[in-house]
Structures are given as C-alpha cells and as structure tokens.
Amino acid sequence: MNEKTDGWKILVDEYHIILEDMDFREKAISDLLYSVQKFKHYTFLSATPIDEDYEIPFFKNLPHYTVEWNGLQKIEVKRFKATKVVAGLTKLIDVFRKDGLRLTDINGEVRQVEQLFIFLNSVTSIQQIVSTLELDNAEVKICCAERPRNKLLLDKYEIETVSTPNKRINFFTKKCFQGCNLFSNNGLVIVASDGYRQNTLVDIATTMEQIAGRIRINENFQNVFRNVLVHIFTTNKKIMSDEEFWGLMDEKEQEAKELLSSQNDMKKGSPKVWIKHMNLESTLLSEKDGRLVYNEQKRQSFIFKHNLRKAYKDGIHLRMQFEKSEKFVPENQQLIDDFDIIMNKALTVSYEQLLKDYLDHPSEQYEIEYPEFKDFRLYLKETEMNSLRWNKDKMIRAVQDKKKLQQAFKAIYHKGEFISDKDLKLELAE
C-alpha cells in the first residue's frame, strides 16, 4: 500500500472461479489472494459463492454475508442424456434449421424457438458442428477467446464479441459463462457437457446457475423462454472412486513434503534453477519468490474437480446436484411432450435407447412417432426384447407370433368344452 491507494476498498467479483480456473491461472489467482491482503478492506462477491466445503482457510476466516433476493425466477431444467454430445447437437441444430423447435414458454403457450444460445466449452467441438452442417457466417455467432489456435481451428468462421447482434445459432465457450449480458425475446439456452471431457463439465451450483442468468431482462427484452434451460450431457462410469482419489491426494501430500524438505537442504538461491525445470501443475505446490510453497487453493481445487467429475458418473448423481440448487427445478420426467420426443430423437443414436426411454415414460407422443412401441410394451417383456437384441424386425415378428397364439387360445376357449392334450395341439397348430 501507498498514499495513493490508502483508504481503497477492493471488490473481487465472481470469486467462485478461483476454484474452477486454478489449473490454468494458478499464478494470477495466488498473486491476487496475496496482494488483496495489503488493503484494509476487501470483499469477495459472487451470485454463486463457493461451497463452504471447498473454501480455503483464507476465506473461512472472513465474515460471510448473504443477500436475500425476493421473487427469484425458478428455472425448469430439461435434462437429456446423449449418446455423443457433438453428434447429438449437430442433429438437433439441423432439426432447428429445417423443421424448427416448439416449446412451452413462461406464459404456458407453445411457441417457436427463434434463437439458440449454446454454451459449450470446446472450440474443437464447435468447429466440428458448424463445419459438418456447413453453416454460413450469417447464421452462426461464435464467442470464444481470440487465440491463434482458435482462429486457426475455426478457419472461415469469425470470432465475435458478446455485444455483436445475435444470430439464429449462437455458441459460447467459458469466456462467456460468467458476467456477460445477452438479450433476446425468444432464445433457448442449451448447455452441453461431455462426461469424458473435463473442460466441458459444468458445475451445477456455480457455473450452471451463472449460465442460466446470461440472457438478461430489461424494458426492451423479456425472453419468453427464461423459465427453461436444456442440459445435454453424457456420463462416464469410469470416474475415480473416492477411495482412489484420497489415495492419490495422500501421495500428493507426501510428495509435497519431500520436495519442501529437499528445498530446505539446498544452498540459498539454488532452488530457483531447480524449480525452473519442474512441472508443478499436478502437485500441491507453487512457486513464490523463487521458492516452493504449499498451495492450499490447489488442494481445494483438486477436491472440487473430483466432485465435479463424480457428478457426471450417471444420471442419478447429476439429478442430485440439480435438486440441491435453489434456482433450478428438475423437469417432471413422467410428462413427455413433443419437444422431448424431438430432443430424444436428435440426441439418441440407437433405436434401443429410444425404446427404453418409452418403456420408462410411456406416452402417446412416442406412440405416434413409433406405433410399434405400444405393441412391444403390451406383448413383450424387457428380458425378451433384450434377448432379441432390441432389433425392430425381430421384435415385430415376436409380437405377431404372440398375437396369433393369443387368437388361437381364444378360439379354443370359446368352444366351452373339455379338450385333450392331443386335440389341443392339433387346434393350436390349425
């Protein structure tokens, strides 16, 4: 501090990203937390604060205040498990362009969706989608960091700022997940998370709630789809267990102790050269003034990232995260509408998965699209469908056989008289 800054009050907004961005902005974050303590008054602010379980001692020792907001708009989350995120999104956008999407708005009316706001933290995936569909620059807007690699990947597609006019299809990477203001009267927010790609995973309590608030409301813009958010995701069962994770953390703690001990045995100035050739990214240590120091923030970040991955282990874990949120209302999955059918068809590659979804949530909408589903449900057990490998033609033939057998039994029963086994076999054969 000096005379020019004496009396300053520092406000650090969106402080929850300290945990999320630690792996690639570690030095900037560590310097921030060190520098802010030089001031007499500082405040860390976020609409989606860090869970107390992940707070570092520095934050735990600060006074905590909560602002109570009245009239909070609850948002229904429509969750769709995709076979493959990129392939599913590509098919969905193709449907949107050719046939359109209709969805129930905040007033209970079914309306046509005019704009898509797609939050996907992968420039590579965005490039695959726009190139496959051969989208024109006039119909797609891409907001991401203006790095040389991104420009090279996107080739003919421009990187635009948030403030440029919306287009029919709008893509946003993590650069726009927080703090940006978007405006639309008819825009549907879609968040995509691939369980096998860490950088695309979205934390429900922080980042997802931030994304849900990106389309703002003012006197000129009142988005009719502000009551709904679509989450497209894939799951990953091969997530490290808690036991494996804490075993790994114990190894990191031991490694950190050994490295700090080795540093203490070195001559003054020697650690600088030693540290220069070290990769500290996967450790619990950081470099500060030419020496290694234990970094509590990195430890908490590792724990946070593990729990984030764990949330995408399966649909049940993910639903539990949404149920903890005060902002989101999980969709009633017993109620299937036309929009759900279109989404499932676009996002699900296999006939088997569509049929399984129908068996879990029988509905007339599915039966209109796939009339054979009703017969499958009436005449076949799920074990029989599985033995037939969920093959449509085989299941149809099995249903026809059962219908014939049922007709035969009815014909024999209506005779109302005793029949021997021999005659029964003859009757059934006939």
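Results for (1) closer than 30 Å to residue 318 by Cβ; (2) open to solvent by 50 Å² or more (accessible area, probe 1.4 Å); (3) among the small types (Gly, Ala, Ser), shown as yes or no for each residue.
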| residue | (1), (2), (3) |
| --- | --- |
| 221 | no, yes, no |
| 224 | yes, no, no |
| 234 | yes, no, no |
| 240 | yes, yes, no |
| 249 | yes, no, no |
| 258 | no, yes, no |
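Based on what the data block shows, is residue 230 in contact (Cβ under 8 Å) with a residue 60 or more places away in the chain, over 24 Å from residue 21 (Cβ atoms) and not in a loop (DSSP other than H, G, I, E, B)? Taking the combined requirement at face value, the residue satisfies it.
Restricted to region 59-96, and to residues that are among the small types (Gly, Ala, Ser) and either touching a Lys or Arg at 6+ places or on another chain (Cβ under 8 Å) or outside any helix (DSSP H, G or I) (or both), which residue is farthest from residue 47 (Cα to Cα)? Show your work before the answer.
So in region 59-96, the residues among the small types (Gly, Ala, Ser) come out as 71, 82, 87-88.
Narrowing further to those that are either touching a Lys or Arg at 6+ places or on another chain (Cβ under 8 Å) or outside any helix (DSSP H, G or I) (or both): 71, 82.
Values: 71: 15, 82: 30 Å.
The selected residue is 82.
For the structure I just gave you, tell me whether residue 312 is at pLDDT 90 or above and within 18 Å of the chain's Cα centre (by Cα). When the stated conditions are applied, residue 312 passes them.
Looking only at region 18-45, which residues are within 20 Å of residue 66 (Cβ to Cβ) and touching a helix residue (DSSP H, G or I) at 6+ places or on another chain (Cβ under 8 Å)?
Initially, region 18-45 is screened for residues within 20 Å of residue 66 (Cβ to Cβ), giving 18-19, 41-45.
Within region 18-45, 18, 19, 42, 44 qualify.
Among the residues of region 116-142, those identified as among the small types (Gly, Ala, Ser) and either in a loop (DSSP other than H, G, I, E, B) or open to solvent by less than 10 Å² (accessible area, probe 1.4 Å) (or both) are 122, 125, 138.
The residue that is surrounded by the fewest Cβ atoms within 10 Å (Cβ to Cβ), among those in region 379-398 that are polar (S, T, N, Q) and part of a helix (DSSP H, G or I), is 383.
Here the helices (runs of 4 or more DSSP H) wholly within region 250-359 that include at least 3 residues being over 30 Å from residue 205 (Cβ atoms) are 270-276, 338-347.
With respect to (1) open to solvent by 10 Å² or more (accessible area, probe 1.4 Å); (2) modelled with pLDDT of 90 or more, the lone exception for residue 204 is condition (1).
The values are calculated or read from the model by the stated rules, or taken from the named source; none is laboratory data. If you're wondering where the values come from, they're calculated on a predicted model, not measured in any experiment. Because the Cβ atoms are built from the backbone with ideal geometry, glycine has one as well, and the counts that use them run over all protein chains shown. Note: accessible area is taken over every heavy atom of the protein model, side chains too, but ligands, DNA and RNA are not part of it. Shrake-Rupley method; radii C 1.70, N 1.55, O 1.52, S 1.80 Å.
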